[in-house]
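What follows is a short report on a single structure.
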Amino acid sequence: MLPQQRTDSEFEGFVRANESRIRLALCAAYGTDLGIEASAEAFALAWEKWEKVRTLSNQPGYLYGIGRNVARRSMRRRTPPRLPAVPVSSTPWIEPGLPDALGRLSEKQRVAVMLVHSLQWTLAEVAELQGVSKPTVQKHVDRGLAKLRKGLKVEL
């Protein structure tokens with residue numbers, strides 16, 4: 001019983017340290033409902049396979065990948081996710097066209113832009129989560145911002 005308790009404690013620490021970040025990343029990629037669902041399923045699978053997952057060098061990246069696969073499978077059966085519309089009266093500082101403009105970005109661009117500029121993640125954090133290099137994340141951010149500026153008719 002003692003080894004199981006140690007594993008439970010280790011898993012609980014892993015969840016405390018990583019759940020909100022993985023959930024936010026999946027919500028950025030697939031919308032709130034699907035992101036939450038995919039995150040929950042990823043952590044459930046991680047618990048089932050904890051003996052394997054605990055030995056991985058990039059556990060958050062592995063779970064993000066599982067969540068991404070769950071979301072993509074679910075998307076095949078659903079209508080594409082839409083980011084919620086922004087009511088102009090309640091949040092005047094947000095461009096009303098932003099949700100649609102974000103929805104037109106590629107998944108990689110949308111995730112990179114939202115994590116870096118909305119949630120203040122570093123390029124290194126996004127790169128680790130997605131299993132890519134920092135320059136690749138920077139490329140997605142730059143291209144995503146350029147598409148947003150063009151779509152929203154913003155000039156610098």
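The values are calculated or read from the model by the stated rules, or taken from the named source; none is laboratory data. Source: prediction; values computed, not measured. Because the Cβ atoms are built from the backbone with ideal geometry, glycine has one as well, and the counts that use them run over all protein chains shown.
Mind checking which residues of region 94-122 are under 17 Å from Leu26 (Cβ atoms), among the polar types (S, T, N, Q) and not in a helix (DSSP H, G or I)?
Result: Ser106, single match.
If Pro81 satisfies all but one of (1) modelled with pLDDT of 85 or more; (2) surrounded by 16 or more Cβ atoms within 10 Å (Cβ to Cβ), what's the number of the condition it fails?
Going through (1) modelled with pLDDT of 85 or more; (2) surrounded by 16 or more Cβ atoms within 10 Å (Cβ to Cβ) one by one, Pro81 breaks only (1).
Going through region 123-156 one residue at a time, which ones are among the aliphatic types (A, V, I, L, M), more than 21 Å from Leu24 (Cβ to Cβ) and not in a helix (DSSP H, G or I)?
Val154, Leu156
Being under 19 Å from the mean Cα position of the chain (by Cα) and in contact (Cβ under 8 Å) with a residue 12 or more places away in the chain is the filter; apply it to region 41-52 and report the residue that is surrounded by the fewest Cβ atoms within 10 Å (Cβ to Cβ). Let's see the steps before the verdict.
Start the filter on region 41-52 by keeping residues that are under 19 Å from the mean Cα position of the chain (by Cα), which leaves 41-46.
Next, from what is left, pick out any that are in contact (Cβ under 8 Å) with a residue 12 or more places away in the chain: 41-43, 45-46.
Details: Glu41: 19, Ala42: 24, Phe43: 21, Leu45: 16, Ala46: 23.
Among them, the one singled out is Leu45.
Given the criterion modelled with pLDDT under 95 and buried (at least 16 other Cβ atoms within 10 Å of the Cβ), identify the matching residue among Lys108, Lys150. Walk me through how you get there before you give the answer.
Working: Lys150 fails: buried (at least 16 other Cβ atoms within 10 Å of the Cβ).
Of the residues listed, the single one that is modelled with pLDDT under 95 and buried (at least 16 other Cβ atoms within 10 Å of the Cβ) is Lys108.
What is the residue count in region 133-144 for residues that are surrounded by 17 or more Cβ atoms within 10 Å (Cβ to Cβ) and under 21 Å from Ser57 (Cβ atoms)? Don't jump to the end; show me each part of the working.
At the first step, the residues of region 133-144 found to be surrounded by 17 or more Cβ atoms within 10 Å (Cβ to Cβ) are 137, 140-141, 144.
With under 21 Å from Ser57 (Cβ atoms) added as a condition, the list becomes 137.
Number of matching residues: 1.
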